[in-house]
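Student: Just dropping this structure here.
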Amino acid sequence: MKIGLVRRGHSATGGAERYLVRFAAGLVTQGHTPVLFTDHPWPKEVWHWETILVPAQGDSPRSFADALRASRPESHCDLLYSLERVWECDVFRAGDGVHAAWLRRRASVEPAWKSTFRSWQRKHRDLLDLERALYQPESKVRIVANSPLIRDEIMEEYGTPLARIGVVPNGYDPPRVDPGMIARRRESLGLVSGELAILFVGSGWERKGLQSAIEAVENLDARGGGGRLVVAGEGKRRHLRIRDPKRILFLGAVSELPSLYEAADIFVLPTLYDPFSNATLEAAAHGLPIVTTRGNGVSHYGFAGAIMESPGGVEALARALEAWIPEERRAFAELQNRVLAREFSVAANVQRTLDFISAKGR
């Protein structure tokens, strides 16, 4: 079967992009042919299969959805599986979550005038219109949610029937990392023997809670816990408040993450909203205890670590990090998380998705 995959543009640090490449490779192993529908070419070293460019008139979500519909994707593939909000497709993967729910979460932590201003912006109106077209009870589009969090939000927000929604968590196969590479990575980070490395991976720092992570690590240091926060990803550093720059190491975009996960000791992501953070799954698969929030869909899957009720509780976050300083506790988490993560392989993700797709019409 030729399966069309829809995703706009490409970001080197994007979790959705990493997921889509892994998914496409999994499709090939199952004997299927992937074809990418996008408005900008992806790097050749990243995407190895056919690409169909969709010439959108503008950069808005609506213009891309209009252009995709006009390109008649059904004439190029047997099934259209979209990772973007579009007007119609056979299956929609809600990897970016529920925009209406995200706007409410954001409004709960910002001044009212910002939320009002955002409601006037075309981008958000477009996303809500597209979301409504996909999720409305009358639609025939089948929906893949990557966590129970997103499934429940879709049903609560739009009244979408449960029968149209399948929960399929993301997949990741951790590569083996040579111990020598791990040691070299710690050395390159300037970590001395026994120094605690707390890892944050993600871009869009305001949403993912980097400021809270910084304050928690500084709080931890003041309590004698020590450790450094290692930040992989891109964002606006000028908006961050940092008391002790020596405790924070900014790496920018990192192309080789497995050795970084293996070199770290704890993973932290105090996110306001992440439907299913790929970085969280990857960190768990490499044995790190996971400190994150209820707003992260991965929190529903039982990895060892700590689940925070609120992304802004710095004291509670510092205590959660402190609890994983003892090496023997981290050894327990490493074993549990590596074993549990095996259930989230790429092959399992592809098979679960294909099983959901093939159930259409039953």
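Yes/no matrix, rows are residues, columns are (1) small (Gly, Ala, Ser); (2) at pLDDT below 95; (3) surrounded by 21 or more Cβ atoms within 10 Å (Cβ to Cβ); (4) closer than 21 Å to Arg18 by Cβ:
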residue: Val144; (1), (2), (3), (4): no, no, yes, yes
residue: Pro148; (1), (2), (3), (4): no, no, no, no
residue: Glu153; (1), (2), (3), (4): no, no, yes, no
residue: Pro161; (1), (2), (3), (4): no, no, no, no
residue: Gly190; (1), (2), (3), (4): yes, yes, no, no
residue: Leu199; (1), (2), (3), (4): no, no, yes, yes
residue: Val217; (1), (2), (3), (4): no, yes, yes, no
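Student: Something else: Assigned by TED's automatic domain parsing to the domain that holds Glu17 and in a loop (DSSP other than H, G, I, E, B): is that true of Glu131 in this structure? Even if it seems obvious, please write down each step before you answer.
Tutor: Values: assigned by TED's automatic domain parsing to the domain that holds Glu17: yes; in a loop (DSSP other than H, G, I, E, B): no.
No.
Student: Given the structure, is Thr353 assigned by TED's automatic domain parsing to the domain that holds Thr33 and either surrounded by fewer than 17 Cβ atoms within 10 Å (Cβ to Cβ) or hydroxyl-bearing (Ser, Thr, Tyr) (or both)? Explain how you work it out, then say what you get.
Tutor: Numbers: assigned by TED's automatic domain parsing to the domain that holds Thr33: yes; either surrounded by fewer than 17 Cβ atoms within 10 Å (Cβ to Cβ) or hydroxyl-bearing (Ser, Thr, Tyr) (or both): yes.
Considered against the rule, which asks whether it is assigned by TED's automatic domain parsing to the domain that holds Thr33 and either surrounded by fewer than 17 Cβ atoms within 10 Å (Cβ to Cβ) or hydroxyl-bearing (Ser, Thr, Tyr) (or both), Thr353 comes out as yes.
Student: Continuing with this model, one more query. Name the residues in the range 312-331 that are aliphatic (A, V, I, L, M) and assigned to a helix (DSSP H, G or I), would you?
Tutor: Let us first name the residues in the range 312-331 that are aliphatic (A, V, I, L, M), namely 314, 316-318, 320-321, 323, 325, 331.
Of everything in the range 312-331, those that are aliphatic (A, V, I, L, M) and assigned to a helix (DSSP H, G or I) turn out to be Val314, Ala316, Leu317, Ala318, Ala320, Leu321, Ala331.
Student: Can you tell me how many residues within the range 18-71 are at pLDDT 90 or above, touching a Gly at 6+ places or on another chain (Cβ under 9 Å) and of a type in the set (Phe, Trp, Tyr)?
Tutor: Qualifying residue count, the range 18-71: 3.
Student: Right, another one. Within the range 73-104, take every residue that is surrounded by fewer than 16 Cβ atoms within 10 Å (Cβ to Cβ) and more than 16 Å from Asp39 (Cβ to Cβ) and give me the one that is nearest to the chain's Cα centre (by Cα).
Tutor: This residue is Arg104.
Student: Within the range 72-109, how many residues are modelled with pLDDT of 90 or more, among the hydrophobic types (A, V, I, L, M, F, W, C), farther than 16 Å from Asn146 by Cβ and part of a loop (DSSP other than H, G, I, E, B)?
Tutor: 4
Student: Applying the selection to the range 301-312, what residues are in contact (Cβ under 8 Å) with a residue 40 or more places away in the chain and surrounded by fewer than 18 Cβ atoms within 10 Å (Cβ to Cβ)? Before you say what the answer is, go through the steps one by one.
Tutor: Start the filter on the range 301-312 by keeping residues that are in contact (Cβ under 8 Å) with a residue 40 or more places away in the chain, which leaves 301, 311-312.
Gly312 - this is the single residue of the range 301-312 that is in contact (Cβ under 8 Å) with a residue 40 or more places away in the chain and surrounded by fewer than 18 Cβ atoms within 10 Å (Cβ to Cβ).
Here's the yes/no breakdown for (1) farther than 16 Å from Leu196 by Cα; (2) within 17 Å of the chain's Cα centre (by Cα):
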site	(1), (2)
Pro289	no, no
Val298	yes, yes
Ser310	yes, no
Asn337	yes, no
Leu340	yes, no
Arg352	yes, no
Ile357	yes, no
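Student: Can Ala304 be described as touching an Asp or Glu at 6+ places or on another chain (Cβ under 9 Å) and under 15 Å from Ala213 (Cα atoms)? It would help to see each step written out before you state the result.
Tutor: Working: touching an Asp or Glu at 6+ places or on another chain (Cβ under 9 Å): yes; under 15 Å from Ala213 (Cα atoms): no.
Considered against the rule, which asks whether it is touching an Asp or Glu at 6+ places or on another chain (Cβ under 9 Å) and under 15 Å from Ala213 (Cα atoms), Ala304 comes out as no.
Student: Can you name the condition, by its number, that Ile307 falls short on among (1) part of a loop (DSSP other than H, G, I, E, B); (2) touching a Lys or Arg at 6+ places or on another chain (Cβ under 8 Å)?
Tutor: (1)
Student: Here is a follow-up. Would you pick out the residues in the range 29-55 that are surrounded by fewer than 14 Cβ atoms within 10 Å (Cβ to Cβ) and of a type in the set (A, V, I, L, M)?
Tutor: Matches in the range 29-55: Val46, Leu53.
Student: Looking at the range 17-31, I want the residues that are touching a residue at least 12 places away in the same chain (Cβ under 8 Å) and have a partner that is exposed (fewer than 15 other Cβ atoms within 10 Å of the Cβ) and aliphatic (A, V, I, L, M) with Cβ atoms under 8 Å, at least 6 apart or on another chain. Which pairs are those?
Tutor: The qualifying pairs are Glu17/Val46; Val21/Val46; Gly26/Ala347; Thr29/Ala347.
Student: Could you tell me whether any residue of the range 110-124 is part of a loop (DSSP other than H, G, I, E, B), touching a Gly at 6+ places or on another chain (Cβ under 9 Å), surrounded by 11 or more Cβ atoms within 10 Å (Cβ to Cβ) and not assigned by TED's automatic domain parsing to the domain that holds Gly227? Give the steps one after another, and end with the answer.
Tutor: First pass over the range 110-124, keeping only residues part of a loop (DSSP other than H, G, I, E, B): 110-111, 120-121.
Among the residues that remain, those that are also touching a Gly at 6+ places or on another chain (Cβ under 9 Å) are: none.
Within the range 110-124 (the criterion being part of a loop (DSSP other than H, G, I, E, B), touching a Gly at 6+ places or on another chain (Cβ under 9 Å), surrounded by 11 or more Cβ atoms within 10 Å (Cβ to Cβ) and not assigned by TED's automatic domain parsing to the domain that holds Gly227), the answer is no, since none of the residues qualifies.
Student: Another question, if that's okay. Only residues that are part of a strand (DSSP E or B) and within 19 Å of Ala145 (Cα to Cα): list them for the range 1-33, please.
Tutor: Pass one, the range 1-33, residues part of a strand (DSSP E or B): 2-6, 33.
Within the range 1-33, Ile3, Gly4, Leu5, Val6 qualify.
The values are calculated or read from the model by the stated rules, or taken from the named source; none is laboratory data. Fair warning: this is a prediction, and the values are worked out from it, not measured in the lab. Note that we place each Cβ from the backbone using ideal geometry, even for glycine, and neighbour counts take in every protein chain shown.
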